[in-house]
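**Student:** The structure under discussion is supplied below as structure tokens; questions concerning it will follow.
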2 protein chains.
Amino acid sequence: MTLRNAWRRNNIGRRMNEAVRIFENRIIEHLKDHGHAELTSAHINLTRNLDEDGTRLTELARRASLTKQSMSELVDQVERTGLIEKRPDPADGRAKLVCFTEKGFEWLEAFHQSLEVAENEMREELGVAMVDLLVEALGKYVEARQGKQPDLAG
Amino acid sequence: MTLRNAWRRNNIGRRMNEAVRIFENRIIEHLKDHGHAELTSAHINLTRNLDEDGTRLTELARRASLTKQSMSELVDQVERTGLIEKRPDPADGRAKLVCFTEKGFEWLEAFHQSLEVAENEMREELGVAMVDLLVEALGKYVEARQGKQPDLAG
DNA sequence: CCAATTTAGTTCGGATGCCTGACCATATGA
DNA sequence: TCATATGGTCAGGCATCCGAACTAAATTGG
């Protein structure tokens, strides 16, 4: 790699990409090591958007930037593990509320612990202040650019 | 979302995940707007690991953390767009060197420009110093945690 | 109150992106 | 020289997503 082309290795997108992959792998690995092999990173795209008092499928899909068909499939898969269940929405006869089960809340607690482990590992490498700064900066970027992205069909 | 569960929205993994998705979408969008709809983000997992004097398939797969079968498929796809080509490796009769074509180098230049646009947008939101700090921190994290991840078969 | 429209969700079919296993051809080294 | 390692391919499969077309319930405008 010539100096002139150092940008190819050393750019924000690539760094973020590598970092997020390592970080998420670490969480999945830690979860598995502690008896929770139920879900993959695709499913976490569901659980992380699932409110504790339940969320409708269409809303889940919107939050995850997926079509409702894709989210429906994910919901069915996670439902088979027993971590979530579908309940009728009392406010709307068409709708179903996707909710954590008791077992699901236990999984969520385990996920929280695995997340903390991965975060602490990053704090060990970068220091607490740097990690705080990083979260703040990324959050600011996301908020500023949100809504400037094209929408999905579905 | 209760205060007790604020971690669910405000954690490093999620922030990085959102940021990287927005950033990469921006690059793909900008490339498309400038006459380069050839490649998707999956293909960039190839091109970003492709040296300017060519790289062997197995090495590409290793760098991208994919199996050689998967990388072979990506190579075939990108080859069909005319951006890369396979050449016999003079140093090894079994091997093929994957290389950018002339058109491929033009694409790489366009990619560079789109990347700069996306990076500059981030600098507008966060400031130049913050973005530099971010790249440095993520790079440090990646280097520190690299190799602590389990390897792939292939 | 009823017809037209919108909205929540499903079913079906298909593309994509990745994997494992089995294999062939060439290179390497005891 | 032949056993082993390495570069790459072929066949088959699974997971994750999409679009189109549909059902049923809710909403809205006369």
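**Student:** Which residue out of B:MET71, B:MET122 is under 24 Å from A:ILE22 (Cα atoms), within 16 Å of DNA strand D (Cβ to nearest atom) and not in a strand (DSSP E or B)?
**Tutor:** B:MET71
**Student:** B:ALA19: among the hydrophobic types (A, V, I, L, M, F, W, C), within 14 Å of DNA strand C (Cβ to nearest atom) and free of Cβ contacts under 8 Å to residues at least 40 places away in the same chain, yes or no?
**Tutor:** no
**Student:** Mind listing whichever residues of segment B:60-75 are within 14 Å of chain A (Cβ to nearest Cβ) and either more than 13 Å from DNA strand C (Cβ to nearest atom) or among the small types (Gly, Ala, Ser) (or both)?
**Tutor:** B:ALA64, B:SER65
**Student:** Does A:MET16 satisfy the condition of being surrounded by 14 or more Cβ atoms within 10 Å (Cβ to Cβ), within 12 Å of DNA strand D (Cβ to nearest atom), assigned to a helix (DSSP H, G or I) and not β-branched (Val, Ile, Thr)?
**Tutor:** Here the answer is no, as A:MET16 does not meet what is asked.
**Student:** Quick one: A:ARG26 ticks every box in (1) within 30 Å of A:ASN120 (Cβ to Cβ); (2) within 16 Å of DNA strand C (Cβ to nearest atom) except a single one, so which number is it?
**Tutor:** (2)
**Student:** Within segment A:11-24, identify whether any single residue is of a type in the set (S, T, N, Q), out of contact with any strand residue (DSSP E or B) (no Cβ under 8 Å at 6 or more places or on another chain) and closer than 29 Å to B:LEU50 by Cα, and answer yes or no. Give the derivation first.
**Tutor:** Initially, segment A:11-24 is screened for residues of a type in the set (S, T, N, Q), giving A:11, A:17.
Subsequent filtering for residues that are out of contact with any strand residue (DSSP E or B) (no Cβ under 8 Å at 6 or more places or on another chain) retains A:11, A:17.
Then keep just the ones that are closer than 29 Å to B:LEU50 by Cα; that gives A:11, A:17.
Yes: one or more hits.
**Student:** Within segment A:99-110, does at least one residue satisfy the condition of being assigned to a loop (DSSP other than H, G, I, E, B), aliphatic (A, V, I, L, M) and over 22 Å from B:GLY139 (Cβ atoms)?
**Tutor:** no
**Student:** Do you know which of the residues in segment B:22-38 that are surrounded by 17 or more Cβ atoms within 10 Å (Cβ to Cβ) and more than 14 Å from chain A (Cβ to nearest Cβ) is nearest to A:LYS148 (Cα to Cα)?
**Tutor:** Restricting to residues being surrounded by 17 or more Cβ atoms within 10 Å (Cβ to Cβ) and more than 14 Å from chain A (Cβ to nearest Cβ), the top hit is B:HIS36.
**Student:** Quick one: B:GLN146 ticks every box in (1) over 16 Å from B:ASP51 (Cβ atoms); (2) touching a residue at least 60 places away in the same chain (Cβ under 8 Å) except a single one, so which number is it?
**Tutor:** Among (1) over 16 Å from B:ASP51 (Cβ atoms); (2) touching a residue at least 60 places away in the same chain (Cβ under 8 Å), the lone unmet condition for B:GLN146 is (2).
**Student:** Determine whether segment B:55-63 contains at least one residue that is in contact with a strand residue (DSSP E or B) (Cβ under 7 Å, 6 or more places away or on another chain) and assigned to a helix (DSSP H, G or I).
**Tutor:** yes
**Student:** Looking at (1) in contact with a Leu (Cβ under 9 Å, 6 or more places away or on another chain); (2) part of a helix (DSSP H, G or I); (3) within 12 Å of DNA strand C (Cβ to nearest atom); (4) not charged (D, E, K, R), which one does A:HIS43 not meet, given that it meets all the others?
**Tutor:** (3)
**Student:** Now, a different point. Out of the residues in segment A:78-122 meeting the condition of being among the aromatic types (Phe, Trp, Tyr) and surrounded by 14 or more Cβ atoms within 10 Å (Cβ to Cβ), tell me which one is farthest from A:ARG26 (Cα to Cα).
**Tutor:** A:PHE100
Quick note: the coordinates plus some simple rules give every number you see, no bench work behind them. Owing to the predicted nature of the structure, the values given are computational and were not obtained by experimental measurement. Quick reminder, even Gly has a Cβ in these numbers, built from the backbone with ideal geometry, and neighbours come from all protein chains shown.
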